[in-house]
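Comments concern the structure below.
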Amino acid sequence: MINRGFVYVLTNPSFRDDWVKIGKSKRLPEVRGRELYNTAVPLPYEIYATLQTEKYNEAERMIHRSIDRISDLRINKGREFFNIAPEAAYEILADIKELLGDEAILELKGDNVEVAKEVRKGTKRKVSQQFDFYSRGVKEGDVIRFIGDETITAIVASDRQVLFENEKWYLSPLVRELYTRQGNVSSSGAYQGPAYFTFEGTKLTELSIIEE
């Protein structure tokens, strides 16, 4: 029997934008996230990215050592919290996935922003904020269209989720699902979900943010 597990990057709305928890689990990250949600944190954890692999123990040690070796970004030396942007943590997971090859499966979860490929090039970038519909003037009940097939639509169900085929989805995994059905999945399997949908003819990422 294959002994697979996960290395996960978790964020939390109650954390600073550049705080993450990086750990491992044999259970699904969704289950682990619920286990970690207790009276010590006011809001549930959100899964940013996962790496599924037989070598999850080694992968977790590698990512922790990679961060500890070049910085003092571990918030508490005895715990798995780091003062690092989730995009940067994802880049380290991507490097480890390259070493492990096809055995490992890397996923970017939820409606997360575009992965910072500039980090690999050694350039600096400002950490982007997560997309939400309401800040762009898109309301619950509004219809958005998939750029890969304009006949495919979804209905906005909350600030970050849509209703598609009677199920709630974040945009990034929905895009992956739609391209999987078309047999056209990217090599990384990661998508910036809002970049693949339009609202009233405008790509979601190009909608202006409404100032409060």
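Given +1 at the Cβ of Lys and Arg, -1 at the Cβ of Asp and Glu and no other charges, the dipole of region 134-206 around its Cα centre is 180 debye to the nearest 20.
Filter the GluC sites (Glu not before Pro) in region 150-183 down to the DSSP loop ones having no more than 15 other Cβ atoms within 10 Å, then list what survives. Provide the component values of the computation, followed by the final result.
Values: sites: Glu150, Glu165, Glu167, Glu177; in loops: Glu165.
Passing both the DSSP loop test and the Cβ count: Glu165.
Peptides 88-95, 7-14, 102-109 ranked from most to least packed by the mean count of surrounding Cβ atoms within 10 Å: 7-14, 88-95, 102-109.
Among the listed pairs Lys55/Lys97; Lys24/Lys97; Lys24/Lys55; Lys24/Lys168, a Cα-Cα separation exceeding 18 Å is found for Lys24/Lys168.
The mean sequence separation of alpha-carbon pairs under 8 Å and at least six residues apart, normalised by the residue count of region 134-206, gives a relative contact order of 27 percent.
Peptides 158-164, 200-206: what's the order by average Cβ count within 10 Å, highest mean first? It would help to have the intermediate numbers written out before the result.
Numbers: 158-164: 18.0, 200-206: 12.6.
Packing proxy ranking, top to bottom: 158-164, 200-206.
The numbers here are math on the coordinates, done by the rules we state, and not lab data. Predicted, not measured: the structure shown is a model, and the values here were computed from it. Every residue, glycine as well, gets a Cβ built from its backbone with ideal geometry; the counts of neighbours run over all protein chains shown.
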